[in-house]
Amino acid sequence: MTNLVPLNITVNGIEYRLYIEPNITLVDLLREKLGLTGTKKSCNEGECGACTVLMEGRPVASCMVLAIDADNKKIITIEGLAEGEKLHPLQEAFIKYGGIQCGFCTPGMILSAKALLDENPDPTPYEVRRAISGNLCRCTGYQQIVDSVLKAADMIKGNQV
Amino acid sequence: MFIKRLPKFTYHTPSTIDEAIELLVRYNGHAKVLAGGTDLLVAMKKRSVIPSHIVNLKTIPGLSGITVTGEGVTIGSLTTVAEIEKSPLIKENFKPLWDAAKVMASPQIRTLATIGGNLVSAVPSADLAPPLMVMAATAHIKGPSGERVCPVDHLFAGPSTTALKPSEILTHITIPLQNGRGIYLKLMRRAALDLAIVGVAVSLTVKEDNICQDAKIGLGAVAPTPIRAYKAEREIIGNMVTEEVAQKVADTASRECAPITDIRATEDYRRSMVRTLTKRAIMNLWEGNR
Amino acid sequence: MENERYQVVGKPVERTDGRVKATGKARYAADLVAPGMLYGKILRSPYAHAKILNIDTEKAKRLPGVMAVITGKDFPGIPFGTRPDTRDQLPMPITKVHHFGEGVAAVAAIDEEIAEEALDLISVEYEELPVVLTAEDALKPDAPLVNEFSKSNIAYTSDFVFGDPEAGFKEADYIREERFSSQRVAVGFIEPHACLAEVDASGRILLQGSKQSPYPTWRHMCRALDIPLSKMRLVTPFVGGAFSGKHDPFDVDFAAVKLAQITGRPVKIVLNYDEVLAAYRQRNAMDATLKMGVKRDGRITALKAECILEGGPIAGIGPFNIYFFGAWLNLPYKVPAIEYHGKLVYSNRAPCGTVRGQEIVLAQYAVDSLLAIIAEDLGIDQVEIRAINAVTSNWKTANGIVVDVSGLPECIERAAEIIGWKESRKSRPKGRGIGFSCASHPSGVRLGGHFGSSVLLKLQEDGKVIITHGGTEIGQGCNTIFCQMAAEILGIPFEDVIQGPSDSDTAILDSGMFSDRCTYWDGNATIAAANDLKRQLADIASKKLKANPDELLFKDSKIYVKDNPERAIAFIDAVRTAYYELGTPLYGRGYWAATDIDLLNWKTGRGNLAHGTDFIATAIEMEVDEETGVVRLLKGVSGDDAGQPIHPVMLEGQVNGGSAHMTGHALLEESLYDDKGRMLNYSWRDYKQPTALDTPEYIVEHIHTHDPYGPFGAKGAGEASSCSTLAAIANGIYDAVGVRIKDLPITPEKILAEIKKKKEGK
């Protein structure tokens, strides 16, 4: 009934050439076809941020993107942040400063934070809260997530010097 | 009742607007255009719409971007809310739109959602509508019989319906240069990631003698569509701006709107918030002017 | 000081699950796959209360790709429940549906799309029944009965009197009575319910599910499936938050198992969050009236309370909730005499379990709010009245709870100091206020004989320890702190203790992750298991060192003679001796239950209930917009007595998390129903959990005490902050704009209405 459509997508630096059904969302493509289950799925209607990934460097709710709409786009998921054993400063900071509890919001949260820091390396606590305001977390109360992002910003700045 | 995976559909990637219109004509009512997708995909997952064909507009070049013209600015209908939020041009010159962009939904939805989609979805609480209304923005529409324009004021026909025919496409929005100053205030239950309970946009042109030369008031979430509060506007145009006048205007606006009670707020609360926010908006602009 | 005594305990070590979660490699139930796996989906009732006349599954079964369709009739029809006297639920309903969204049939298909399509092909014939939505509905004499296993809509009662309330009220200089109510709220973890069930050739079931308390899940499921416990193995993958919403087995778990049994293939069911909001666990709606008597200086003389909890169509853990509400009115303030009457009633709204802090949250909200009102009436400072009444060390409550150590007075003092209470009394901007509230919470309760915790340590020949326990890492960090504790006792580095799987085949006896019990109970079990290993190693080392095993110390990966560190052997040498010379594997077995605590008498309500009461004083500064009614929380401070902090960073996260969670309960969240019992806001778009912009900056001040029974002096933690936050917000709104809202949630509309009333009154 439905014709498969070609999709050319780069995820975490790896290029994929696939034929997919047009009605599959990006989150399902990542989780089901590419095995990248680090991207979490919860509300499936763009209201929780668990499925946040970066598309062309910007945060998107991947449940609200048709996979085919990511044609020729570059996607970064949580699996694409660390370089081998070396964690991204955000990952290090989240581990160290209490940004992680149950971990279910963590991938989306870290990617929203990455989108912020890539654009604004020196955010205020308010700017951090605003950047993660589309990512629901029930465990932490957010303070330690905010702390983690600010510490990561410091770490990144330190590394650049 | 509950969210499902997306229904099956045939996917189309037109490369021109005419091609897109042709597809809409051909599938006559069974096709939906895809812009940001943030409203359409939810509706499809809930099976409130089940289009057999999806026509992706994003493969058409030239429908996105913010361009300065002699008369003002042109915003392509596929321009995302995030682009608007990040545009210094919009922030400096068309502030109500910027105000609205930065409090809409969430960052990860703003990356996707488009100005055209926000208007065409035509939900009563559409954040971008009241600002565009008070800045006298015009919607540019293309269909099988050619191009036409429609003031954003007249774009909405009812909840989720617009003046667009099924085979027409909103191509861009133009906003004229603004003489006065404007603001958009949004009341939400949450401080983010929320729909407007009430949205109020006000644009005021006040001369040095403190006399209001022109005023436009746009209201969201308090009627079946975003609306202008014309009667309230008339209360201020030609008058000296004072707190008393602002209060009078706000009172009129609160009577002029037609809110309902739903799970988000009661009719009474919405009315009284129209009053509060309208007055605040006027006072804010006036004080900023002084 | 205290911390100096410990090498690992009290240090912010890297949490054991940090790396795997930060990199997206942690596997939650929805991430699991198995060869030949089918996908399950559940058909849900559009009615809140209706007879099931017929379910026709034939069409669905004929859809290509559908492998099985089941209904409630496919199960043995054996009810299960939290207590032997409240076995009132079935895996899936047979004769009638009890709430909107209740699962009535389930499908397994080769993919999710086909499973969803199949749901549309199942036709269910219902006959609508009148609905019972509120406690008032439930208690009407002619009310329809909600639960087919109960002859009444009263699911449970709790009544008690302690001390002499009558005399207490006589002695009082001032008496005030108030009614408080609280809405239905969802639990709000982010990971929807999910599981993967498999059945092996012998018929043994393996269920991997997002479960908070595997032990009760395992037992209840085996009962309802009519299989021996040995026929089922429960393994818990990573769990994306629970907060008391994932204790018991759900239709998700039962359906996956049954579909796997029928098809012989693995079956995975993953819910969408709208299903979770509509049809799964919530917090009871509360309606309570409290009467408090005080002396002129604010000292409480007596308390009388009535409480009705409306809990949906099953009792669930409601009996504990209704008892706890009363029991925890005895704390955190000194109440010499109390009379309590509580009822738990059935209704046709979503089934209740509880939420973070249990119904102690509601009790503390009511008692603290009433104290705040009385302080206003008598012109006593809010901090002072709390200090006067605060429970102190070696206190025994009227109902028999023994408080060995209380840091509450210091919690109050520090919280007031940090928030700037005194200065704020002199002047503060219009619309600004500070809400103050105190609370306490048990460190695990002993409600039944099988309440206990067990830990197994396997010391391998490489000197590393694998720890397996019956607890569940639901984000609270228990896996990390047990590794810390084992490392501390064995004198080895934290990294040398490795968290093993959560598996019913190894360690299971554990009554569950609730009531702040995990650190305390499982922690003590960990210590016991580590000491068991230590004894075995000391035995070996004592022979090598020619010393008495009792005089050996374990530290820095060495075993040495006390007062003579030179006489030492390496920890690893003792281990190798066991494996390579003696052929002895090393296992440490540990279990713990507060067996010196009386089992609660459910009839009289008497029982010392728990050790290690933890305390908190919370102050929240806020701004109330008098024109819009919008409340903005600016800053939160908690002085928190959790005994010895085991991991200070994680402890702060627990305290902040509980408080932020309840900001939603206080201000934003409410499950709404229409008059037919259909839920109106089962989407996060309209069920509003707080975002990072809704929660304030938060400071946690550790009030370091030492509990005599707790592991390393620790108490439970995390839930107390849930218990102090509701009243802090209500009190703060009063402080800011002079209106008191006693029915939660405190919406802008309610605030404006009260402000208007107040203005008109003047």
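The values are calculated or read from the model by the stated rules, or taken from the named source; none is laboratory data. The model shown is predicted, which means the values in this text are computed figures rather than measured ones. Ideal geometry is used to build each Cβ from the backbone, glycine not excepted, and the neighbour counts take in all protein chains shown. With ligands, DNA and RNA removed, areas are computed over all heavy atoms of the protein, side chains included. Shrake-Rupley method; radii C 1.70, N 1.55, O 1.52, S 1.80 Å.
In debye, nearest 20, what is the charge dipole magnitude of chain C about its Cα centre with +1 on Lys and Arg Cβ and -1 on Asp and Glu Cβ, if you could check?
In total the dipole reaches around 580 debye.
Convex hull over the Cα atoms of segment A:5-80, averaged projected area in nm²?
On the way: hull surface 16.8 nm².
Approximately 4.2 nm², given one-decimal rounding.
Suppose we keep just the DSSP beta bridges with both residues in the protein assembly as shown; what percent of those would be antiparallel, to 5? All intermediate terms of the calculation are to be shown ahead of the outcome.
Details: 161 of 197 bridges.
Approximately 80 percent, going by the DSSP bridge assignments.
Averaged across C:648-655, how many Cβ atoms of other chains sit within 10 Å of each residue's Cβ atom?
Working: counts 1, 6, 4, 1, 7, 12, 5, 2.
Per residue, the average neighbour count from other chains is 5.
Restricting to DSSP H runs of at least four residues, report the calculated mean residue ellipticity at 222 nm for chain B, -39500 (n - 2.57) per run over all residues, nearest 500 deg cm²/dmol. Don't skip to the end; give the middle numbers.
On the way: 11 runs with 97 residues, N = 290.
Helices in chain B give a 222 nm mean residue ellipticity of -9500 deg cm²/dmol.
Evaluate E = 1/(1 + (r/R0)^6) for residue C:634 and residue B:262, where r is the Cβ-Cβ distance and R0 equals 35 Å; express this FRET efficiency to the nearest 0.05. Provide the component values of the computation, followed by the final result.
On the way: r = 30 Å, r/R0 = 0.86.
FRET efficiency, residue C:634 to residue B:262: 0.70.
Loop by DSSP (not H, G, I, E, B), at most 16 other beta-carbon atoms within 10 Å: where is the longest site-free stretch of chain B for GluC sites (Glu not before Pro)?
Values: sites that count: B:71, B:208.
It runs B:72-207.
Assigning unit charges at the beta carbon (Lys, Arg +1; Asp, Glu -1) and nothing else, what dipole magnitude in debye, to the nearest 20, does the protein assembly as shown show about its Cα centre?
On the way: 136 positive and 148 negative charges, 162 e Å.
Result for the protein assembly as shown is approximately 780 debye, rounded to the nearest 20.
If you take the beta carbon distance between residue A:56 and residue B:91 as r and set R0 to 22 Å, what does 1/(1 + (r/R0)^6) give as a FRET efficiency, to the nearest 0.05? Intermediate values should be presented prior to the final figure.
On the way: r = 22 Å, r/R0 = 1.02.
The value I calculate is 0.50.
To one decimal place, what orientation-averaged projected area in nm² is obtained for the convex hull of the Cα set of chain C?
Taking a quarter of the hull surface, the average projection is 34.0 nm².
Along the Cα→Cβ direction, 7 angstrom out, place labels at residue C:424 and residue B:49. What is the inter-label distance in nm?
4.8 nm
To the nearest 500 deg cm²/dmol, what mean residue ellipticity at 222 nm is calculated for chain C from DSSP H runs of n ≥ 4 alone, each contributing -39,500 (n - 2.57), summed and divided by the residues?
On the way: 19 runs with 209 residues, N = 762.
That calculation yields -8500 deg cm²/dmol at 222 nm.
I'd like to know which of B:31, B:272, B:63 lies farthest towards the positive end of the charge dipole of chain B, counting +1 on Cβ of Lys and Arg and -1 on Cβ of Asp and Glu.
Working it through, the farthest residue towards the positive pole turns out to be B:31.
Can you list the DSSP H helices in chain C whose Cα atoms extend at least 30 Å along the helix axis and whose mean Kyte-Doolittle hydropathy is -1.0 or higher?
Numbers: long enough: C:523-545 (31 Å, -0.19).
What comes out of the filter, once short or polar helices are dropped, is C:523-545.
Enter the Cα centre distance for the pair segment C:611-660 and segment B:235-276, rounded to the nearest angstrom.
Segment C:611-660 and segment B:235-276 have Cα centres spaced 38 Å from each other.
What residue among A:144, C:673, C:104 has its Cα farthest toward the positive end of the dipole of the protein assembly as shown, where the charges are +1 on Lys, Arg and -1 on Asp, Glu, each on the Cβ?
Value: C:104.
Show me C:525-531, A:51-57 ranked by packing, highest mean number of other Cβ atoms within 10 Å first. Could the numbers behind the result be given before it?
Numbers: C:525-531: 25.1, A:51-57: 23.0.
Result, highest mean Cβ count within 10 Å first: C:525-531, A:51-57.
With the solvent-accessible surface defined on protein heavy atoms using a 1.4 Å probe, which residues belonging to segment A:133-156 display a reduction of at least 30 Å² in accessible area in the multichain context relative to the isolated chain?
A:133, A:134, A:136, A:138, A:139, A:141, A:142, A:143, A:144
Have a look at C:690, C:115, C:472 and report the one farthest towards the positive end of the charge dipole of chain C, computed about the Cα centre with Cβ charges (Lys/Arg +1, Asp/Glu -1).
C:472
Where the only charges are on Cβ atoms (+1 Lys, Arg; -1 Asp, Glu), what is the dipole of segment C:691-762 about its Cα centre, to the nearest 20 debye? Before the final figure, lay out the partial values.
Details: 9 positive and 10 negative charges, 112 e Å.
That gives segment C:691-762 a dipole magnitude of about 540 debye.
Tally Lys and Arg at +1 and Asp and Glu at -1 over the other residues with C-beta under 12 Å from the C-beta of residue B:150: what net charge comes out?
On the way: positive: B:142, B:148, B:165; negative: B:147, B:153, B:168.
Net local charge, residue B:150 excluded: 0.
Stokes-Einstein D for the protein assembly as shown at 20 °C, 1.002 mPa s, Kirkwood Rh over Cα pairs, in µm²/s? Before the final figure, lay out each step's value.
Working: Rh = 31.7 Å.
Answer from the Stokes-Einstein relation: 68 µm²/s.
Using a 1.4 angstrom probe on the protein heavy atoms only, line up C:139, B:119 by accessible area, largest first.
Numbers: C:139 65, B:119 0 Å².
Listed by decreasing accessible area, they come as C:139, B:119.
Taking Cα atoms, how many degrees apart are the long axis of helix B:17-26 and the longest axis of chain B, rounded to 10 and kept between 0 and 90?
That works out to roughly 70 degrees.
Length gain on complete extension for the stretch residue C:181 to residue C:505, per 0.36 nm per residue less the alpha carbon to alpha carbon distance? Walk me through the intermediate numbers first.
Numbers: separation 324, 0.36 × 324 = 116.64 nm, distance 4.40 nm.
Extra length available between residue C:181 and residue C:505 comes to 112.2 nm.
Can you classify segment B:156-232 as rounded, prolate or oblate using the Cα gyration tensor, where a ≥ b ≥ c are the square roots of its eigenvalues, rounded means a/c under 1.5, and otherwise it's prolate if a/b beats b/c and oblate if not?
Details: a/c = 2.08, a/b = 1.34, b/c = 1.55.
Taking the square roots of the gyration eigenvalues as a ≥ b ≥ c, segment B:156-232 is oblate.
Pulled fully out, how much extra length does the chain show between residue C:230 and residue C:62, if you take 0.36 nm times their separation in residues and subtract their Cα-Cα distance?
Numbers: separation 168, 0.36 × 168 = 60.48 nm, distance 3.51 nm.
Length difference between fully extended and current span is 57.0 nm.
Among C:161-167, B:125-131, what's the highest-first ranking by average C-beta atoms within 10 angstrom per residue?
Values: C:161-167: 17.4, B:125-131: 28.4.
Put in order of decreasing packing, that is B:125-131, C:161-167.
Evaluate peptide C:676-688: per residue, the Cβ atoms of other protein chains within 10 Å of its Cβ; return the mean as an integer.
Values: counts 0, 0, 1, 0, 2, 2, 3, 7, 9, 10, 7, 2, 7.
Across C:676-688, the average partner-chain Cβ count within 10 Å equals 4.
Calculate the all-directions average of the projected area of segment A:12-161's alpha-carbon convex hull, and give it in nm². Write out the running numbers ahead of the final one.
Values: hull surface 35.1 nm².
That works out to 8.8 nm².
Over 19 Å, how big is the tail of the calculated P(r) for segment C:281-416, in percent of all Cα pairs? All intermediate terms of the calculation are to be shown ahead of the outcome.
Numbers: 4797 of 9180 pairs.
When all Cα pairs of segment C:281-416 are counted, 52 percent exceed 19 Å.
With r as the distance between the Cβ atoms of residue C:598 and residue C:85 and R0 = 22 Å, compute the FRET efficiency 1/(1 + (r/R0)^6) and round to 0.05. Before the final figure, lay out each step's value.
Values: r = 20 Å, r/R0 = 0.89.
Approximately 0.65, to the nearest 0.05.
7 Å from Cα along Cα→Cβ at both residue B:234 and residue A:10: what's the point-to-point distance in nm?
My value for the distance between the label points is 6.0 nm.
Suppose we keep just the DSSP beta bridges with both residues in segment C:143-287; what percent of those would be antiparallel, to 5? Before the final figure, lay out each step's value.
Details: 13 of 17 bridges.
Once the DSSP bridges in segment C:143-287 are tallied, antiparallel ones form about 75 percent.
Output the peptides C:36-42, C:451-457 sorted from most to least packed, where packing is the average of other Cβ atoms within 10 Å over each peptide's residues. Can you show the working numbers first?
Numbers: C:36-42: 22.6, C:451-457: 24.9.
The most tightly packed comes first, giving C:451-457, C:36-42.
Using a cut-off of under 15 Å, list every residue of segment C:509-538 whose amide N is near the label point 7 Å from the Cα of residue C:584 along the Cα-to-beta-carbon line.
Once the point is set 7 Å along Cα→Cβ of residue C:584, C:531-538 turn out to lie under 15 Å by backbone N, inside segment C:509-538.
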